[in-house]
Amino acid sequence: MNARFVFKDVNFGWIFMLLLPIFLFWVVLLSRIPVSFSRHFNAYSPGLFLVILVLYYMFFRLPDKYGVLACLGFTMILFALSLSYKWASGFSDSFIVGGLIPYKDAKNYYYGANLLLNGIPMVDIGQATERPLFPGFLSSMLMLTGQNLRIALAIITQLAGIGLYLSARRIHNSMGTLSASLYSVLIYFFIQSYIGYTLSESLGFMLGCFAFSIIWHVSNDLKWFDLVLGLIGLLAAVSARAGAFIIFPMLVLWTGWIFRGEKRYSARTAIIVFVVIVAGYLTVNTLYARFLRIPPGFTFGNFSYALYGQVKGGLGWHSAVEELGTREPIVVYRAALDFFLEHPTDLLVGFAKSYRDFFLPGNHSIFAFAFDGWKDWPNFVLWMGVMILLLRGFVRCLKDFRLNLPSLLFLGFAGVFLSIPFLPPIDGGARFHASTIPFFFVLPAFALSSLQKDAGQNASLGKLSQGEFYLLRYGMVLLLFFTGVMPVLIYRLKTQPMVDAPICRSNQRAFVIKTSPGSYVDLIPDGMNNCGWMSSVCISDFDRNGVQKETDDFVQKLLFLAQSSESGIRIMSAMNLRDQQFRYFVNLPHNGLVIPENQLVSGCAIPIQMRIQIIYQIESITPYEK
């Protein structure tokens, strides 16, 4: 029997080829990979850059079916190793503790997702209120996984890897092997530093990759369904992780150009697309927030701080809070306008600094290459090479502008480029561009296409296989459902819990929490069973891999508690249903307290006040009874 089974135009042979690498991701992630090996996949290095570039080149050269297995499988391995390192090493920084527990900004998104899961509106909780799409998506993932944070993060990581692969396959089929390899390695090192976090960059990135690939498809087939799907997906991506919003007027211009037919330009098409984008924006940002009962004025309120910093000559968003002493967007906007009217040239200085920080190597650059003196000459060479290719790709797109694909690449890049001053790198580095990064890194790849014999090997401008295209189109539909529809259903159908708090001593605080599997970290002494795998982190690794340990008293206190305990400690992050606040709980197993999983528990804890955070050391716990 032929191995290619086709039923209702669905090629199950191709789907099976795609499922194997996806399964491989979980095999690698659940294997006990030594930290000494996986740590190489947590950060950029010029050596790793070249190794990954060469491997991608080798895999993309393989015949179609083998190429799918090799390229998607290799991408899954890269993403699994990056996530594996965080879980096994106990890595801690400004957004994560112990390789898993959300911290600071990441905590707010996780907190927002937990509020939705309990039918409680997200009101004034920082990033979750300002950008509610990601906590909504995270609540969907947590609902599907039984509120298992570890599995939810693994799914998000895998989806990001699939998005990277599908966009790279588009480039491979149209531009050739070397172009796809360069694009893949550049975009991998962009997203690498966000793997494993409950941050909105991951959702913006995956939606952006899917949308980029679908809009690319439109440049050939001119199908309205895919055009609308791609635009709505990109709108959701830029709304989830506020990004290069000027790309949308550029895409309006582009659609009028490619749907012109025998005319010089189709203004009617451009107007229709403009209406679709405006309606999509209002749905994604305004109506969605209303469905979740987020008060008006919260979403994207932080843009006022960025604008204030720019009119002050590129001082950064912190200057608004420090100088004005308020976080009210209206007050900040008014102050920014007043200062601009008095010192209009300072805004130009802020714009110039943004372009400098964006393109030149450094902590705020869009590129992973770091350059600190001539000892980093390999990074300088790589940066210079990519910049030359970027300029060459820009010129090629301009020369071939009459063609559908080059005009898309040119105007997409223009949208990103013109947005840079309004997304100052000093405020967040490259993270602002997570949702539109494919439109940027495709230009260096395009520059290489003229040098390759296999460029344009697929006559349909990068046409994907049947299985890949189904994965792309219906994957986007599912992503939009889990991002925009399911969170509303979760919130509307959930009933806000009413709980009674236990009676505690005067120096203790009462709590009622739901313990979830895979949502805690055990810091245990070296040598104990499972030390360094999954939820069990070796104390020495936690000590060694704390990026901000010297300045963060929260991490210092956790380390002290772990080292002072014979059997280590368990760290949990959960919402205290008693006061609906997000708390960090620490359990000392040697006290004999066993915390059951996946059920409500109540108890008493001693609050330990740190500089910013509070640690609740559990003193008693019992299954909760209403």
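Within segment 48-95, the set of residues being under 20 Å from Glu468 (Cβ atoms) and not in a helix (DSSP H, G or I) comprises Arg61, Leu62, Pro63.
Residues that are assigned to a loop (DSSP other than H, G, I, E, B) and over 16 Å from Asn42 (Cα atoms) within segment 534-547 comprise Met534, Ser535, listed in sequence order. Cβ-Cβ contacts under 6 Å between residues 6 or more apart (or on different chains), taken from a first residue in segment 517-536 that is within 20 Å of Leu83 (Cα to Cα) to a second residue that is in a loop (DSSP other than H, G, I, E, B) and of a type in the set (Lys, Arg), are listed as Trp533/Arg32.
If the Cβ limit is 9 Å and pairs must be 6+ apart or interchain, which residue in segment 542-553 that is in contact (Cβ under 8 Å) with a residue 40 or more places away in the chain and aliphatic (A, V, I, L, M) pairs with which residue that is surrounded by fewer than 17 Cβ atoms within 10 Å (Cβ to Cβ) and part of a loop (DSSP other than H, G, I, E, B)? Pairs found: Val547/Ser94.
Please verify whether Gly204 is of a type outside the set (Lys, Arg), at pLDDT below 90 and under 26 Å from Thr157 (Cα atoms), treating the condition exactly as stated.
Details: of a type outside the set (Lys, Arg): yes; at pLDDT below 90: no; under 26 Å from Thr157 (Cα atoms): yes.
The answer is no for Gly204.
Scanning segment 16-49 for residues that are under 21 Å from Leu186 (Cβ atoms), surrounded by 13 or more Cβ atoms within 10 Å (Cβ to Cβ) and over 24 Å from the mean Cα position of the chain (by Cα) gives no hits.
When the residues of segment 512-547 are filtered to those that are modelled with pLDDT under 90 and charged (D, E, K, R), which remaining residue is farthest from Ile571 (Cα to Cα)? Step by step, filter segment 512-547, then rank; the result is Asp526.
Among the residues of segment 526-585, those that are among the hydroxyl-bearing types (Ser, Thr, Tyr) and in contact with a Pro (Cβ under 7 Å, 6 or more places away or on another chain) comprise Ser567, Ser573. Between Ala152, Ala160, Ala106, Ala113, the distinction of being under 18 Å from Val488 (Cα atoms), of a type in the set (Gly, Ala, Ser) and in the same structural domain as Leu471 (by TED's automatic domain parsing) belongs to Ala113 only.
Looking at Glu342, is it within 23 Å of Glu130 (Cα to Cα) and over 24 Å from the mean Cα position of the chain (by Cα)? In short, no.
Pro438 meets each of the listed conditions (1) under 18 Å from the mean Cα position of the chain (by Cα); (2) closer than 29 Å to Val311 by Cβ apart from (2). Filtering segment 596-626 to residues that are under 15 Å from Arg583 (Cβ atoms) and outside any strand (DSSP E or B) leaves Met610, Ile612, Gln613.
I'd like the residue in segment 96-141 that is among the small types (Gly, Ala, Ser) and in a helix (DSSP H, G or I) and, out of all such residues, is nearest to Ser193 (Cα to Cα). Spell out the reasoning first.
Residues of segment 96-141 that are among the small types (Gly, Ala, Ser), as a first pass: 98-99, 106, 112-113, 119, 126, 128, 136, 139-140.
Filter again for in a helix (DSSP H, G or I), leaving 106, 112-113, 128, 136, 139-140.
Details: Ala106: 14, Gly112: 23, Ala113: 22, Ala128: 20, Gly136: 22, Ser139: 23, Ser140: 23 Å.
The selected residue is Ala106.
The values are calculated or read from the model by the stated rules, or taken from the named source; none is laboratory data. What you see is a predicted model, and the numbers here were worked out from it, not measured in a lab. Counting neighbours? That spans all protein chains shown, and the Cβs are built from the backbone with ideal geometry, glycine included.
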